[in-house]
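Visitor: Once you've had a glance at the structure underneath, I'll fire off some questions.
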Amino acid sequence: MDQEKQITRLLHREARLLDDWALDEWLTLFTEDGTYWVPIDPDSDPALVASIVYDNSMRRALRVEQAIREKRAAQTPRSRTVHFYGNLEVNEEGAASASARASYLLIETRAGDWRQAGMGNKSIYAGHVFFNLRRVGADWKITEKRIVLIDRNLPIEGLFFLL
């Protein structure tokens, strides 16, 4: 299978794992040094400027632990999500690295009861998602996932799930 097809399959799988709340498996898609970044200013250095999310491997694992194993009123029951990547472009940068860009749309609904803030609400998050990838053995892994939301400068409430 060619590289572009392998990478496309990886990114579609990544979106499906998020929708299925298969977050332990989602963690395995990243390299050990991989980052998950939702910037306020996409041209900034996340080590120096605040971000909506900026997670290294330890922080990603903690986020997953809290999301799937700790009881949270805001996620009882869990949000239902649909992650959609469209207009996917893969740039092969050699046999061992690549990058990809896609239009990004996430729809989240909270079908909870009186305990869950925002029950019955639908939220839409749109923007662009950028991936840097590295071949590890026979597999492609994510070294960076960066989601640049189009409304990133507006308040984001109740972000209790992974974008």
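The values are calculated or read from the model by the stated rules, or taken from the named source; none is laboratory data. The model shown is predicted, which means the values in this text are computed figures rather than measured ones. Every residue, glycine among them, receives a Cβ derived from its backbone with ideal geometry; neighbour counts consider all protein chains shown. Note: accessible area is taken over every heavy atom of the protein model, side chains too, but ligands, DNA and RNA are not part of it. Shrake-Rupley method; radii C 1.70, N 1.55, O 1.52, S 1.80 Å.
Visitor: Between GLU92 and LYS122, what FRET efficiency follows from the Cβ-Cβ distance if R0 is 25 Å, with the result rounded to 0.05?
Guide: Details: r = 37 Å, r/R0 = 1.47.
E between GLU92 and LYS122, to the nearest 0.05, is 0.10.
Visitor: Skipping prolines and chain starts, which residues have an amide H placed within reach, meaning under 5 Å, of the one on TYR54, given they are 5 or more residues away or on another chain?
Guide: VAL38
Visitor: Taking a 1.4 Å probe, which of ILE142, ILE150, ILE156 shows the most accessible area, and what order do the others take after it? Please report the intermediate quantities before stating the final value.
Guide: On the way: ILE142 0, ILE150 115, ILE156 55 Å².
Listed by decreasing accessible area, they come as ILE150, ILE156, ILE142.
Visitor: Kirkwood Rh and Cα-based Rg: tell me the resulting Rg over Rh for region 1-120, rounded to two decimals.
Guide: Details: Rg = 16.3 Å, Rh = 16.4 Å.
We get a ratio of 0.99 for region 1-120.
Visitor: Report the one residue of ALA47, THR31, LEU162 whose Cα lies farthest in the direction of the positive end of the charge dipole of the chain (charges on C-beta: Lys and Arg +1, Asp and Glu -1; origin at the Cα centre).
Guide: LEU162
Visitor: Explain nothing, just compute: Karplus ³J(HN,Hα) = 6.51 cos²θ - 1.76 cosθ + 1.60, θ = phi - 60°, for every residue of region 54-66 in order, whole Hz, x for Gly and Pro.
Guide: So the Karplus estimates, Gly and Pro as x, are 8, 10, 8, 5, 5, 5, 4, 4, 5, 4, 5, 4, 5 Hz.
Visitor: Compute, for VAL90, the solvent-accessible surface of its heavy atoms (probe 1.4 Å) with the complete set of protein chains present, and express it in square angstrom to the nearest 10.
Guide: 20 Å²
Visitor: Still on this structure: Roughly how many nanometres apart are two label points built 7 Å out from the Cα toward the Cβ at ASP41 and VAL82?
Guide: According to this spin-label approximation, the distance is 3.6 nm.
Visitor: Got a number for carbon plus sulfur as a percent of region 1-81's accessible area, 1.4 Å probe? Each step should come with its number before you reach the end.
Guide: Numbers: 2220 of 4450 Å².
In region 1-81, the share of accessible area belonging to carbon and sulfur is 50 percent.
Visitor: Also: What does the highest-first list of 125-131, 80-86 look like by mean Cβ count within 10 Å? Present the calculation step by step, with values, prior to reporting the outcome.
Guide: On the way: 125-131: 18.9, 80-86: 15.3.
My ranking of the peptides, most packed first, is 125-131, 80-86.
Visitor: Here is a follow-up. Straight-line reach only, C-alpha to C-alpha below 19 angstrom: list the lysines that LYS5 could link to, leaving out same-chain residues fewer than 8 apart.
Guide: Within the straight-line cut-off, LYS5 pairs with LYS141, LYS145.
Visitor: To the nearest 20 debye, what is the magnitude of the charge dipole of the chain about its Cα centre, counting +1 on the Cβ of each Lys and Arg and -1 on the Cβ of each Asp and Glu? Before the final figure, lay out the partial values.
Guide: Working: 22 positive and 24 negative charges, 123 e Å.
For the chain, the charge dipole is close to 580 debye.
Visitor: Give the accessible area for GLU144 in Å² (nearest 10); use a 1.4 Å probe, count only protein heavy atoms, and leave out ligands, DNA and RNA.
Guide: Ignoring ligands and nucleic acids, GLU144 comes out at about 40 Å².
Visitor: At 222 nm, what helix-only mean residue ellipticity would the chain give, in deg cm²/dmol to the nearest 500, using -39500 (n - 2.57) for each DSSP H run of four or more?
Guide: Values: 3 runs with 35 residues, N = 163.
About -6500 deg cm²/dmol.
Visitor: Another question about this same structure. For the chain, set up a GNM with springs between Cα atoms under 10 Å and report which of ALA50, ALA95, ALA15 has the largest fluctuation.
Guide: Maximum fluctuation in the GNM of the chain, among the listed residues, is at ALA95.
Visitor: Follow-up question, since we're still on this one. Per-residue accessible area for LYS141 at 1.4 Å probe radius, Å² rounded to 10?
Guide: My reading of the accessible area for LYS141 is about 50 Å².
Visitor: OK, next. How far apart, in nm, are two points set 7 Å out from the Cα along the Cα-to-Cβ line at ILE156 and at LEU62?
Guide: 1.8 nm
Visitor: On average, how much accessible surface per residue is there in the chain, in Å², for a 1.4 Å probe, leaving out ligands, DNA and RNA? Don't skip to the end; give the middle numbers.
Guide: Values: 8790 Å² over 163 residues.
About 54 Å² of surface per residue is accessible.
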